[in-house]
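Remarks on the structure that follows.
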Amino acid sequence: MSYIGKSIKRHDGVQKVTGRAEYVSDIKLNGMLHAKILTSPHAHAKIVNINTEKAKALPGVRTVLTGQEENTLVGIYMVDRSALASGKVRHWGEAVAAVAADTEEIAEQAVKLIEVEYEVLPIVFDVKEAIKPGAPQIHENAEEYDYIKGVFHPEPGRNIANRTKVRRGDVEAAFARADVVIERTYEQPQVFHLPLEPHGSIVQWGVDDNVKIYSSTQSPFAVRDLFAHGFGLPRNKVEVIAPYVGGGFGVKSGIHMEPLVGMLSKRCGGRPVKFIPTREEECTTLPARQGMVSRIKTGATKDGKIIAEEAEYLWVGGAYADYGVNISRAGAMTGCGPYDIENVKVDSVTVYTNHVFGTAYRGFGHPEVFHGIERQRDLLAKELGMCPVELRLKNLLMPGRKTITGELITENTGRVDKCLKLVSDKLKVGEGYTSQQLAEMKKTGKYRGKAATVLQKSPAMPTSSASSAIIHMNEDGTVHINVGGVDFGQGTYTVLQQIAAERLRIPIEKISVAPGVNTDMSPYDWQTVASRMTVLCGEAVCIACDDVTRQLLEMGAIALRASKHDLALEDEHVYVKQNPHQRVHYSKICMGYTYENGNAIGGPIIGRGKYIAQGLSFICPETGQGKTALDWTYGAHAVEVEVDTNTGDIEVLQMASCLDVGRVMNEAMLKGQVVGGVLQGLGTALSEVVRYDDKGRPLTRNLTDYKIPTFKDMPGNLDVSYVETPQLDGPYGARGVGEHPLISITAVIANALANATGVEMFDLPLSADKVRAALRQAK
Amino acid sequence: MKAINLTVNGEAHKVFCPENITLLTLLREYLHLTGAKVGCAAGECGACTVIYNGKPVNSCMVLAMEAEGAVVETIEGEAKDGKVSPLQQAFIDNHALQCGFCTPGMIMSARALLDENPKPSRDDIIHAMEGNLCRCTGYEPIITAIEQAAGGVR
């Protein structure tokens, strides 16, 4: 194969390095107005009164809107969030009123003239308190919200938006016969996704309810669907355009500011309205990753076989559950990691609090679950006096065994054991340091330690989430691929080009993927999330290519006066297998074939492909048993850190990461996902935390107070490798990998910290101040 | 409104604009050069980096009124005669971009570095680029791209 696996360069490189790639914030439309929002200064309060008269009187103001006047409920899984706060605010930074004006400056002035009277309510910030009977309720009418019945299980009156349960075997009996039982609690704060581009949107709600939306979104079709549903519009009246999108990591999935901006446009006679959130609004109005408090209890025999595990995952859902209910569900499905455990009890619960609300973030609940699970494995190994790598190898899921939700693992599912062995061998995890090295560490106060962790993830998506592709041939035999998924940096479109070049036997530079998505023109794709594009959209492109191939052969048969069975494709030609010099170039047949006398036959060749995951099922509400995984991508990380015991600083000296990707489709871009994802994970591990004061006011509202890794925070050396156990239903054997590098990073750092210093830390982040304090306390 | 005279990518401009706008707003809204991006509007992310009188600056932190007589280079001036520059090519070749939103700022910071120090060490690159944030790439391929551009012909 000539294109699969090659490090083909990005399809959109030139557009991006020249500054020509156009993002939502770069778009200007005739007659465009600018929107600004007034946000809540309280984490939980009743809205008593809003006075907008002064704002409306300001010259240049075209409309002022409050949630009391017009509103809609939105949400992808739990429809609990209104476009503007209505009746009460549930987090600091929630949009309360909005203005559309001739300029941004006028809109900003007008917002300051809006007067809101609040009655402050008690805040709920601790998930353990929030679920107790009698706790203040954040959503008084939770039972009225729309959600997918049978899939999500809210418990109204307890601030619980969803509980997902997994039950297998008999945990109580197993704990009773276990030689060792360890139980720990792990706390993880909210973190920000922080794509550099904010959530821009421009909406034009025109005459006769024709709506045009430009949005910085991973999910143009979900935006269309949810927008149309929220306002009772037919889907064909709503056009959503996702131009170049400046990163997302999950925070641009689902629907965000589009309904609010749409209502403003409608009130301004259909003039387009643009809203680009400020960085502070990105940090306080738009969502974060959920925080989590997990309690995990593990029982094992003295030879290191894990026989029981009980986990309670309390997710800090924040003010709205929207996407969060499905994250907690995904967390339950993966609740004990890639381990073979007979007796399992998992409760995964999305809890409403007065934090900024949570949403999907690269890894979709798995990084949070794996922090506790992979810490727990090292703690168990320590308790048993075993090598933590050996302990894992003894318990990992192998072909022939079943996951905690009853899915059978086969030879083609992937091999987590191979990934673990590879990385731990590379860094010699489990081997100690020489006495000379140890003496040196003692002298300098800089202690080194090593650890390894494993990871798994499958896409957490509706069983019916589908992808499709259309392939057009142009007059000269070049090709355009049109898909409904978004390439917001991950490189999907380049992989689709590779697949088409390979299958259609066309040089890759003659294949283009239409940039951006337009729901009026692009074929349907559910959402660009869950590491599902290479697999689902890739399969759709394979099938569309096969459709094109069939048509090329039909036309070739006419042109070459041959049976289709005697024909094949190569080098942009259809040729006769037994007489390869008898051939016809695609350009002669792809718009129809013209005979010597002028008669013509055929017509433009357009290929169509669609794909939907096979055999996924709903899960049993009581036991969580069912098939939810399209594919399981496994992996492992190993790390060596140096802990400065004087300052608490953790330096990552070297790392090795390995993933069973099924098939490497584009090695350079794959490595880009791993290197980028690992550094993002190191941010979560070492520095990132969304902070609030005791009144629930966020303290991290900019990039100075909220630190993401910079050039100076790169790990010393990062070795990236792959295992290739082919996925039978993945294109060329490939499976998803975009999110996975971020999973199990926090645990591998905490485990290495413990290996270096003997100090066990459970909560995140492992920032220098907290590490130093823990080291002092341990002395 | 006040008139400002400045040179952008070799072209002289006279721009009438309010006195309270930034150089970034002048470039994006008045000259329609949208390559420099608004990532934070507070000098924290580097996405709006341009070269201002030979030095890389966050254009969101420069007032337009300060730019009287200034010589400004933006990403739109980096490609010449319909061809990307070797630095831009090195970014493409080394997969030094993903979503692309930070890329114009990255390239302008790298351009300023290479103009001043044609053979930077790895540490020089890290030091010069530290103010440019990227959430996608993990930075490593950007360093490789700059090293390659420094090793090649400008």
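The values are calculated or read from the model by the stated rules, or taken from the named source; none is laboratory data. Remember, it's a predicted structure, so these values are computed and weren't measured experimentally. Note that each Cβ is placed from the backbone with ideal geometry, even for glycine, and that neighbours are counted across all protein chains shown. When the accessible area is computed, the model is the full protein with side chains, heavy atoms only, and any ligands, DNA or RNA have been set aside. Shrake-Rupley method; radii C 1.70, N 1.55, O 1.52, S 1.80 Å.
Just one of the listed residues (B:Cys60, B:Cys40, B:Cys102) is within 24 Å of A:Asp705 (Cα to Cα), open to solvent by 10 Å² or more (accessible area, probe 1.4 Å) and assigned by TED's automatic domain parsing to the domain that holds B:Gly131, and it is B:Cys102.
Residues that are surrounded by 14 or more Cβ atoms within 10 Å (Cβ to Cβ) and in a strand (DSSP E or B) within the stretch A:596-614 comprise A:Ile606, A:Gly607, A:Arg608, A:Gly609, A:Lys610, A:Tyr611, A:Ile612, listed in sequence order.
Select from the stretch B:26-59 the residues that are away from chain A (no Cβ under 11 Å) and β-branched (Val, Ile, Thr) and list them in ascending order.
B:Thr49, B:Ile51, B:Val57
If you check A:Ala756 against the conditions, is it assigned to a helix (DSSP H, G or I), touching a strand residue (DSSP E or B) at 6+ places or on another chain (Cβ under 7 Å), more than 14 Å from chain B (Cβ to nearest Cβ) and surrounded by 18 or more Cβ atoms within 10 Å (Cβ to Cβ)? Yes, satisfied.
Only one entry of A:Gly635, A:Gly662 meets the criterion of being assigned to a loop (DSSP other than H, G, I, E, B) and not assigned by TED's automatic domain parsing to the domain that holds A:Thr494, and that entry is A:Gly662. Looking across the stretch A:324-359, the residues that are in a loop (DSSP other than H, G, I, E, B) and under 23 Å from A:Ala45 (Cα atoms) come down to A:Thr353, A:Asn354, A:His355, A:Val356, A:Phe357, A:Thr359.
A quick yes/no check of all residues on (1) open to solvent by 10 Å² or more (accessible area, probe 1.4 Å); (2) over 27 Å from B:Leu133 (Cβ atoms):
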| position | (1), (2) |
| --- | --- |
| A:Arg271 | yes, yes |
| A:Thr278 | yes, no |
| A:Glu281 | yes, no |
| A:Ser294 | no, yes |
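Every listed requirement among (1) part of a helix (DSSP H, G or I); (2) without any contact (Cβ under 8 Å) to a residue 40 or more places away in the chain; (3) over 30 Å from A:Arg329 (Cα atoms) is met by A:Ala668 save one, (2).
Looking across the stretch A:100-128, the residues that are touching a Leu at 6+ places or on another chain (Cβ under 7 Å) and closer than 11 Å to A:Gly60 by Cα come down to A:Ala100, A:Ala101, A:Asp102, A:Ile106, A:Gln109, A:Ala110.
Among residues of the stretch A:717-744 that are buried (at least 24 other Cβ atoms within 10 Å of the Cβ), those with a Cβ under 9 angstrom from a residue that is assigned to a strand (DSSP E or B) and of a type in the set (Asp, Glu), sequence gap 6+ or separate chain, pair up as A:Arg735/A:Asp660.
The single residue among A:His44, A:His11, A:His34 that is out of contact with any Cys (no Cβ under 8 Å at 6 or more places or on another chain), within 12 Å of chain B (Cβ to nearest Cβ) and open to solvent by less than 50 Å² (accessible area, probe 1.4 Å) turns out to be A:His34. Figure legend. Inter-residue proximity from the stretch A:229-249: first residues at the interface with chain B (Cβ under 8 Å from one of its Cβ atoms), second residues assigned to a loop (DSSP other than H, G, I, E, B) and of a type in the set (Lys, Arg), beta-carbon distance below 7 Å, spacing 6+ or different chains. Indicated pairs: A:Val245/A:Lys252; A:Gly247/B:Arg135; A:Phe249/A:Arg362.
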